[in-house]
Each structure stands twice: as C-alpha cells, then as structure tokens.
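Just so you know, all these numbers are worked out from the coordinates, no wet-lab data involved. None of these values were measured; they are calculated from a predicted model. Here the Cβ is made from the backbone with ideal geometry for all residues, glycine too, and neighbour counts use every protein chain on show.
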Amino acid sequence: MLTTMVFGGMVLVGSMAQAGDWPQWRGPNFNGSAAADEKQPPITFSKTENVAWVRPMPGPSAATPVVMGDRVFVSSFVPDTVSVDAICVDRRTGEILWQRRLGPGRDSRSPNTENYLAEPSAVTDGRKVIFQTGNGDLVAFTMEGEEIWRRNLQDEYGSFAIMWGYASSPLLYKDKLYVPVLQRDRIYGNDPQPRESFLLCIDPNTGKNIFRVLRPDDARDESKESYGTPIPREVDGRTEIVLLGGDCITGHDAETGKELWRYGGWNPRKINHWRIVPSPTVGGGLVYASAPKGQPVFAVKIDENNQTSTAWKFTEAPTDVATPLFYDGDLFVLNGEGRDKYLSRIDPATGQTKWSAKIDSSIYIRSSPTAADDTIYFINAEGVAFVYSAKDGSQLHKVELGGYPTRASISIAGGQLFIRTAEALYCIGK
C-alpha cells in the first residue's frame, strides 16, 4: 500500500559535506569521512568519560546513527512487540522525542541470530527522514515524526530472496531516493515465481517511483545477493549510481538508471556462495569493489568511454564485510574476520600499502571504519571501540562499551561520536 501527502519545499543536503551532520550511513561524503571542517571528536572515552549522554535502546540494530541538526535517528528491534521501530533522539539531551512503528521484525528465536530486520540505516535531508527495514517497509516522516508516505517493497515486488535478510541502506542524493534489491532468482520455500534484481529510484517527497530498472548478472545462487548500499559518483558533470553485487560492480545513470559500465571477473568459476556485504567506495579517480571471502579489493578505472580496467588490487588483508574508508586522499581497508585482523592504508595512485596495523580484537568486526581529523573509529561485535591514527596506524585508544551483537558504524558529527551498540546509543563528547 502506498499513501502520500503533500510535502513541498524540500532542500537536499546532497554531496556538500556540512560539519555537524551525518545524514546517511557513510556520512556526508558517502565514503566514511566526516566533513573537512569537522571538529576534533574525542580520542579517549569510556562508558562514563567524555560522555554527553547514554540512551538505552529497546533492542539490537545494525543501523548506523544518522545525525541532522539537533536530532539523531536510529532504528531498533523491539522484542516486546517483535517489531522494528524508528526512533528520534534529542541530540542535546538523549531524550526520545518520538518513536514510530515501521513494521514487523524477526523473532529472536530465528536461526539468524543477528539480523532482526533493523539493519538498514535511515537517511535525512533536514526536512524529512526516511527509514527502511529488512521486511521491505519504507517509510518517510517529517522531522517531528508525522508520517508522509509508506510502502512495502515485498508487497509490491515479491518476497526478498536473500539468505541472511535484506540489509541494504537507501541512498538519498540530489532529491532522489535510490533503493537496491540485489537477490537470487529463486526464493526459498515453495514460491515458484522467479525474482529479479533491480535498482529503484523514488521521489522522496511523495514515495512514488521515478524509475525501476533491472540489474541482471550471471552469478549463481547466493553470489547474486548483496547487502551493500548504492554510492554516488560525480564524473564530468554527470551523476552515476554505483552498485556492487552479483559478481560485478556497475555504474548507472542517476536520471534513468541506465547501466553505463560494468566490471567483474573475480569469480570466474562461478562459485555459488560469494555474496557481497560491503558497499562500493569512490575516491581518487577510482571505484573500489571489495570481492568476498578473502578475495582482493579491486581498484577500478573507468575511462571517458566507460571502458573499465583494473588499476590495481589489494590482496594482503582484504575485507569481507566492512566497507573501505576513503579519507585524506587514501583508501583504508578494515579486515575484521579471521584470527588476525588488520587496518591498512593504501595509496590509490600506486596501490602500495603505506602501513598495516594489526587489531587486537578477539571477535569479528563488522562495523565499517569512519574518520575525522586524522583519526579512525570502529567497533567490534562485542562493543569494544577502537581508535587509530590515520597517519601511522598506531592504536590511540581501546575501550569496552559492551553489547552483542554490535555492528553499526560510528557516526561523527559536531565534534561528537554517536555509537550504537546492541544495547544503547552513546553520545561521546560534551
């Protein structure tokens, strides 16, 4: 069902990074970095030190906090109602300003013990905020919590054929909302209807489609599935929307969805369980595609004729889950799986590793690194936060906040850190 109401005068933040805000999952620059003039966030903190406030959350979520002005937006699984709720928190005090039901969540007794359908991060332009759930609920609110429009993508296009549950975040860019559904072609169970992968572009003011284009691939089974988010790319006055999944990375015209270029080749044997978790990263004149399960991070060059080629590939400590960070002209790759975990800084011009730092974490890391003022932040699944120097890879701080499973990335806005553990939302920096 689609309901609409008139809501005019929208102003989009777009790609102009503003200090003090973190409007989308990968921040104001869409690459994990804060605005260039962002204030220095705290380097040392604990559950009590340098804490402005702590707001307990009703349940877990992998959704990264979205910050705009004096509001912080998060989604949460709510065990009592087995639902996913949208929550707006007062940035100044930590008090909940409003909480709205989005749709059903996944019962905690499910065999998938980490995805409660509260995984996608919200997006905001300062006039409205849009939430999405893994159940396909897509809902827009005013900043005061009044519902503007509501849709359910599974009702419209069929149940998602994604093994571990839909988890992609939407992209809001230049007054268009982009929603990816990259999935296998057959759903589990007895539903005989085939499924299609597609990119959906929506008018964020009304909730109505601008376009829906299919995004085919020749991957097999689970390798068709992606949990990543679209990322914009500006080139020669044209905007592209970059998608990663289905054994390939593609660039699409932002106005029509038409595919402009495609790159792949990391799965020539067509292994059928190479799903994609990270989102693409853009920076330094290149596009970065993180192939799954120990395969390289590929730096992709696209020429003026939309022909693609490999600039270089990073094989020493690639990522399976965390999306790479582009900051201070370099690419930072967080390898958070396996016994040995690393954070590496790579020169995009040469592909050479400037430094690689071993991370002292006994459990996996599925948040993605974020950065401001030569400082990198991330958190592991048990709620242990890490702070590293971007200059030399030295560990500056390590602190246990607690809460399993913690997977949300750390937002940086107005000289503060917003850390969403499985149990609470922290505002670090007074």
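Per-structure values
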quantity	calculated
For the chain: rounded, prolate or oblate by the Cα gyration tensor [a/c cutoff 1.5]	rounded
Under 15 Å, Cβ to Cβ, from Arg238 - net charge with Lys/Arg +1 and Asp/Glu -1	-4
Positive minus negative residues near Val387 (Lys, Arg vs Asp, Glu; Cβ under 14 Å)	-4
Eligible lysines near Lys358 by straight Cα distance, threshold 16 Å, same-chain separation 8 or greater	Lys341, Lys391, Lys398
Sorted peptide list for 251-257, 121-127, 296-302, criterion being average Cβ within 10 angstrom, highest first	121-127, 296-302, 251-257
Net charge, Asp137 excluded, C-beta distance under 14 Å - Lys, Arg +1, Asp, Glu -1	0
Residue with peak Gaussian network fluctuation, the chain [Cα springs, cutoff 10 Å], from Gln395, Gln416, Gln183	Gln395
Coil-residue GluC sites (Glu not before Pro) of region 295-401, DSSP, other Cβ within 10 Å capped at 15	Glu304, Glu316
C-alpha center-to-center spacing [region 338-402, region 271-319] in angstrom	20
Gyration tensor (alpha-carbon) shape descriptor, region 76-198, a/c threshold 1.5	oblate
Theoretical FRET efficiency, 1/(1+(r/R0)^6), r = Cβ-Cβ of Asp203 and Thr350, R0 30 Å, to 0.05	0.10
Volume per residue of the C-alpha convex hull in region 131-199, rounded to whole Å³	93
Integer Hz, Karplus 6.51/-1.76/1.60 couplings in order for region 292-309, x for Gly and Pro	x, 6, x, 7, x, 8, 9, 8, 10, 9, 10, 8, 5, 9, 6, 8, 9, 7
Net length gained if the chain between Arg269 and Glu156 were fully extended (0.36 nm per residue, minus Cα distance)	37.3 nm
Relative contact order of region 51-428, defined on C-alpha pairs under 8 angstrom at six or more residues apart (%)	12
